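**Student:** One structure, as structure tokens, below. Some questions next.
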Amino acid sequence: MMYIEGKLPAVFRIELRHGTFSWIVKRKEKHFMELHRELRTYKTFLRIPLQTVRQTRQMQLEDYLNKLLKMPLYRNYHATMEFIDVSQLSFIEDLGPKGLEGMVHKRSGGHRIPGLNCCGHSKICYRWSKRWLVVKDSFLLYMKPDSGAISFVLLVDREFSVKMDSKDTETQHGVRIDSLCRNLVLKFSSFRHARWWGQAIDEFVHKYGSAFLRDHRFSSFAEVQENIAAKWYVNGKVYMEDVANALEKAEEEIFITDWWCVLSPEIFLKRPVVEGNRWRLDSILTRKAQKGVRIFVMLYKEVELALGINSEYSKRTLLQLHPNIKVMRHPDHVSSTVYLWAHHEKIVVIDQSVAFVGGIDLAYGRWDDHEHRLTDVGSVTRTLNASAEVSTPKLLQADVIGLMGNTRFWHGKDYCNFVHKDWIQLDKPFDDFIDRHTTPRMPWHDISSVVHGKAARDVARHFIQRWNFTKIMKPKYRSLSYPYLLPKSHSTANEIKHQVPGSVSTRVQVLRSASDWSAGIKHHEESIHNAYVRVIENSKHYIYIENQFFISCADNKLVWNRIGDTITWRIIKAHREGQKYRVYVVTPLLPGFEGDIKTGGGSALQAVMHFNYRTMVRGEHSIISQLKREMGDQWMNYISFGGLRTHAELEGKLVTELIYVHSKMLIADDNTVIIGSANINDRSMLGKRDSEVAVIFEDTETETSVMDGQEYQAGRFGLHLRLECFRIILGAKTDPSIDVTDPISDHFYKDVWLTTAARNATIYQKVFRCLPSSDVRTIPELEGYLARTGLDRDDPARAQEELKKIRGFLVQFPLYFLSEQNLLPPIGSKEAMVPMEVWT
């Protein structure tokens, strides 16, 4: 707890000047008989109207009260609250300025719980409870008077309002406070008392919390924040190192939310392992919890029959580490009507001051670097003698001893290729489940970011809203061991204790997809979708997209998001006006579902392929079909679709594998960037389905670059992120002669980007006869295609020579793979039994 030294908060002093405190003390001094002797000194003073008291006497009273509140005996005594209308929360600086506090009666009910009509919604069942109400700049809370336990937190939002008419409150002498998530009704002893409380709450919130009451750009819950230190990450190596270092700096609290067990407790955040278990996630969290840091983790509770994952294992493992670690899973599919949607955001927040947001989960397989290795540097014949016993906290420091000098980057389940085989036996994290002798791992290409200050507070606010809502929803989390969380005030957000190295100043806004089932709000939010559409519309030169899915182009039947249509509109606009404009789309060559593509893949894999291809090239709604109707084959001058692939030698045999693009990123004009957890599909974008978080970065610091051969003032954040991505996937990291500076010139677009993609794809097909391939239009054609062997088998020496011509990882997307095949789930399959929107 942080107490203000030497003086009361400003609001408290205002109350003194207006005589409020005099009335409070006279009314409640019966509660402090033990202080009667000391208060007698001020008896005469208290009878004098405060407006006539000299300033020196007022300061004496302030000094006296501060000394009183510094004594634990009185500060922790619950009657202190009633006597001088303060609580322990009054003097925590990070919670913002002191607002009104006092005892009220609140009515039961009023929560927005989807599908539940609780007893409190009926007048007959109303119950009134005595609670201590605390008003802050961005939230209200009430506590139980005897224990001080927080019973509810109401966040201030754009629908916050205070109503005092009896028709609104349905209560004599009542006050009703509304927000997106709650209707709170309070009852007072008189009409005058109720009006005084209602007006005081309304005035305070409008004075100190006005930023939360306004509509914000893109209809986001968060406003635009200026001068925010931010940093981007391409792939997991540096990202996880920075997360580990930031976790080490935590002093008060850590928030983490992930999809399932993609909080993999045994994952190493720094590699290769050279310091034993020090940088393993569970070891870091245990170390911080032992030092008093409170850690709150939210995991998606999967539908067990639909997903072969086990978030219960992750929850159980984390809870065993230390009592300061609290883990929630949501939703509860037993009682909820929500079966189709998931919590999908990836967030790590430290002290509500530093927030990591993006697509990188702290999970198996996600650690990677710009080399995108298919095999491990360690010996594939060596196994780790640890297995399931590592889940026991006593053995946390004994599972990697003896690995020095020949260590692996990916241990056990971390060496994975989930298209080849999905995860099994997650309770045995260091047992291999893929044969490293014969099967390459699947490399992981991903993007993330970090923000500080007010933007980090906004990310934390989203987490807190989800946490508090889940606490209400699930009875087992209503105990005191799972506390309500409080958002820190933006007024102290610039007091950053730890800043991630390499950050640059940007303009930032936090975006999200949220709704009643995921966050308890009565109107859904789709600010990520709105931002994507607006940025594409306003882009002048190019957009660059990396995304795990590419499902768009609205038909208002199966697909609703407008991102694909906006791309089409922007290209047509450029074509009609004679402008040079480029669109780059990089997405996985195959969806991330287990299935053997050599036999056509599984139904889930094919279903997602159907909608990806529908967006790109197939059917009247596709981008290419719309462009062809406008400009014929000239569409190729404006948009390119690509994927990533690499190769290696495993046990003396040439192997290849696609690089799985898990990114959720858009860059426009080297000055605007969106990074988050949201895929380009309806699940992520519509707001009513999966919950997501993203950040839009707009550069305020520029440097000279080139755009179509002309000098151009590019943003530092956007420019260097785009250059890093282009250098990695085009091979400029190892071949400096490849110039990726100008993103829209004819030379770069045609001679570098398109040529590299086409050459790499041709070589891979010649050497490996790999799939997917545009040479295969139907599933029956697969057999004939695969019957002809590639150079990797026919002539390994020549194959090696051909592979030397590969530059980077970019390959053309096989737009016509299985183009004559119906890829929707066949009737009778389990995939056909679920609603179609699951795949969109």
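**Student:** Starting from the amide H of ILE659, placed 1.01 Å from N in the peptide plane, find each other amide H under 5 Å away whose residue is 5 or more places distant or on another chain.
**Tutor:** LEU644, ARG645, THR646
**Student:** Compute the relative contact order of the stretch 501-834 as a whole-number percentage, counting only Cα pairs closer than 8 Å that sit 6 or more residues apart in sequence.
**Tutor:** So the answer I get is 22 percent.
**Student:** Another question, then. How many nm separate the modelled label positions at GLN60 and GLN320, each set 7 Å beyond the Cα in the direction of the Cβ?
**Tutor:** Each label point is offset 7 Å from its Cα along the Cβ direction, giving 6.4 nm.
**Student:** Then there is this: Quote the FRET efficiency, to the nearest 0.05, computed for ARG373 versus ARG478 with a Förster distance R0 of 45 Å and r equal to the Cβ-Cβ distance.
**Tutor:** 0.45
**Student:** A further question follows. Of LYS249/LYS476; LYS598/LYS750; LYS270/LYS688; LYS67/LYS497; LYS664/LYS733, which sit over 27 Å apart, Cα to Cα?
**Tutor:** LYS249/LYS476; LYS598/LYS750; LYS270/LYS688; LYS67/LYS497
**Student:** Here is a follow-up. What's the exposure ranking of ASP202, ASP258, ASP63, going from fewest to most Cβ atoms within 10 Å?
**Tutor:** ASP63, ASP202, ASP258
**Student:** Can you list the aspartates and glutamates whose alpha carbon sits under 14 Å from that of LYS231, skipping same-chain ones fewer than 8 residues off?
**Tutor:** GLU241, ASP242, GLU698, ASP699, GLU701, GLU724
**Student:** Taking neighbour counts of Cβ atoms within 10 Å as a proxy for exposure, in what order, fewest first, do THR734, THR317 appear?
**Tutor:** THR734, THR317
**Student:** Can you classify the stretch 501-834 as rounded, prolate or oblate using the Cα gyration tensor, where a ≥ b ≥ c are the square roots of its eigenvalues, rounded means a/c under 1.5, and otherwise it's prolate if a/b beats b/c and oblate if not?
**Tutor:** Judged from the Cα gyration tensor, the stretch 501-834 comes out oblate (a/c at least 1.5, b/c at or above a/b).
**Student:** For LYS187, go through the lysines and keep the ones whose alpha-carbon is under 23 Å away, minus same-chain ones fewer than eight residues off.
**Tutor:** Partners found: LYS26, LYS28, LYS98, LYS106, LYS123, LYS130, LYS136, LYS144, LYS163, LYS167.
**Student:** Please give the length that would be gained between GLU275 and SER737 if that part of the chain were fully extended, namely 0.36 nm times their separation in residues minus their C-alpha to C-alpha distance (nm, one decimal).
**Tutor:** 162.5 nm
**Student:** On a full-extension model of 0.36 nm per residue, what is the gain between ILE827 and PHE433, subtracting their alpha-carbon distance, rounded to one decimal in nm?
**Tutor:** 138.6 nm
**Student:** Arrange the following residues from fewest to most other Cβ atoms within 10 Å of their Cβ: MET833, MET143, MET685, MET631.
**Tutor:** Least to most surrounded, the residues fall as MET833, MET631, MET143, MET685.
**Student:** Excluding residues on the same chain fewer than 8 positions from LYS428, give the aspartates and glutamates whose Cα lies under 17 Å from its Cα.
**Tutor:** Cross-link targets: GLU266, ASP282, GLU312, GLU389, ASP399, ASP414.
**Student:** What is the distance, in nm, between label points placed 7 Å from the Cα along the Cα-to-Cβ direction at SER190 and at ASP596?
**Tutor:** 8.4
**Student:** What distance in nm separates the two pseudo spin-label positions at GLU651 and TYR816, each 7 Å out from Cα along the beta-carbon direction?
**Tutor:** 3.7
Where a number appears in this text, it was derived from the coordinates with a stated rule and is not lab data. Values in this document were obtained by computation on a predicted structure and should not be read as measured data. Note that each Cβ is placed from the backbone with ideal geometry, even for glycine, and that neighbours are counted across all protein chains shown.
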